[in-house]
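Each reported figure results from applying straightforward, stated rules to the coordinates on display, with no laboratory input. Not measured: the values here are computed from a predicted model. Positions of Cβ are backbone-derived with ideal geometry, glycine not excepted, and every protein chain shown enters the neighbour counts.
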Amino acid sequence: MTAEISIRLLAWYASNARALPWRVAHPDPYAVWVSEIMLQQTRVETVGPYFARWMARFSNIEALAAAPLQDVLAAWEGLGYYSRARNLQRAAQLVVERHGGRLPANVAHLRQLPGIGRYTAGAIASIAFGQDEPALDGNIRRVLARLFNLTEDARSPQGLRRLWELAALILPPGRAGDHNQALMDLGSLICTPRAPLCHACPLAELCQARALGVQAQRPVLAAKPASPHYTVTAAVIQRGGQVLLAQRPQNGLLGGLWEFPGGKQQDGEDLPACLRREIDEELGVAIEVGPELGVYRHAFTHFRITLHAFCCQLLAGQPRPIQAADIRWVTPVDLETYPMGKVDRQIAKKLLLEAKDGSCDRLFDR
């Protein structure tokens, strides 16, 4: 059966492979690596334009290694999970230092680089270097769970261990790269999470879940706990036509990005009190909290926020980066040159529109 799987799968792939830019325009190890990092928890349709801009800006490993981190984060803005961008650059620097600028070809060396785990190492080794290594992304996990009717939770240690065994079991020697990409494309185009197109699947006759009529119930996935929700405030502090930005510490969520300073509401606080406390702790200044500029909602991987942004003015003191990595006074026009998370970028865009009619002074005086 395992040989029949690879024969049918590769025949289907020969006629149905997606024409992705990292396969066609940039078939080199660096491009494969960049694409695999970008595709983690991100749809192919989203990645395409980012990949093209990235390769134009950082055309090789040496260019990425030497670039300012702010340029790297700016090129990544909108993809989320910014630790991936930081790890990608740090790994590029290590490749230059340790491997002469050439990405290592084997899994063991690849996994020593920041941001490269078991799946990414297997994908790079097989696709870029022709190594006989399995890969297991979300699409492949779903295909294998249905094909072999896996009844364990596919995210559990036992389930993952079995899936890796199955991925290795059906791997055709010498064709691992095409085989792994074929499984990815099959999962994306045919063996979809909901309503799989079994009638169009080249493996339909071999699929154990389909034979039992349980393909819609595979993979088995334990329910995730509910994400906590936090109320957050942000201060748009204005001075002479400029607003104050704070840079987040390099380590941690949204590390290295710029934001409008603020923080989480504590029990018993109203929103202005929360913001005054946060700005005192973060910047060492007292502020007057004025009109609300907007309310923004966003879901991160493990929690959700509702952010309330307020126009503010300094009352006393000079801002200092007590908890921030750096602070800058910036005109609304220049805000677009500072890499930001999604919510802060929405605030920046609104400020740019407001600046055409009047600065935050005018907003404050409403």
**Q.** Local electrostatic count, Val143, Cβ distance below 13 Å [Lys/Arg +1, Asp/Glu -1]
**A.** +4
Q. What dipole magnitude, in Debye to the nearest 20, does the chain give about its Cα centre under +1 on Lys/Arg Cβ and -1 on Asp/Glu Cβ?
A. 840 debye
Q. For helix 44-57, what angle does its Cα long axis make with the longest principal axis of the chain, in degrees from 0 to 90 and rounded to 10?
A. 70 degrees
**Q.** Protection-proxy order for peptides 187-196, 74-83, 143-152, each taking the mean of Cβ atoms within 10 Å per residue, highest first
**A.** 143-152, 74-83, 187-196
**Q.** Packing-based ranking, highest mean first, of 302-308, 158-164 given that Cβ atoms within 10 Å are counted
**A.** 158-164, 302-308
Q.
Run the reach check for Lys264 against aspartates and glutamates, Cα to Cα strictly under 14 Å, same-chain hits fewer than 8 apart removed. What comes back?
A. Glu278, Asp280, Glu281, Glu282
Q) Between segment 1-59 and segment 85-127, how many Å separate their Cα centres? A) 17 Å
Q) Calculated from DSSP H runs of 4 or more alone, at -39500 (n - 2.57) each and per residue, what is the 222 nm mean residue ellipticity of the chain, nearest 500? A) -13500 deg cm²/dmol
Q) Reachable aspartates and glutamates from Lys349, Cα under 15 Å, same-chain residues fewer than 8 places away excluded? A) Glu77, Glu259, Asp334, Glu336, Asp357
Q) Nearest 20 debye, what's the magnitude of the dipole of segment 229-364 about its Cα centre given +1 on Lys and Arg Cβ and -1 on Asp and Glu Cβ? A) 360 debye
Q: Determine the relative contact order of segment 201-263: mean sequence separation of Cα pairs under 8 Å and six or more apart, normalised by residue count, in whole percent.
A: 24 percent
(Q) Among (i) 1.10; (ii) 1.44; (iii) 1.18, only one was calculated for this model; which label is it, if the read-out is Cα Rg over 2.2 N^0.38 Å? (A) (iii)
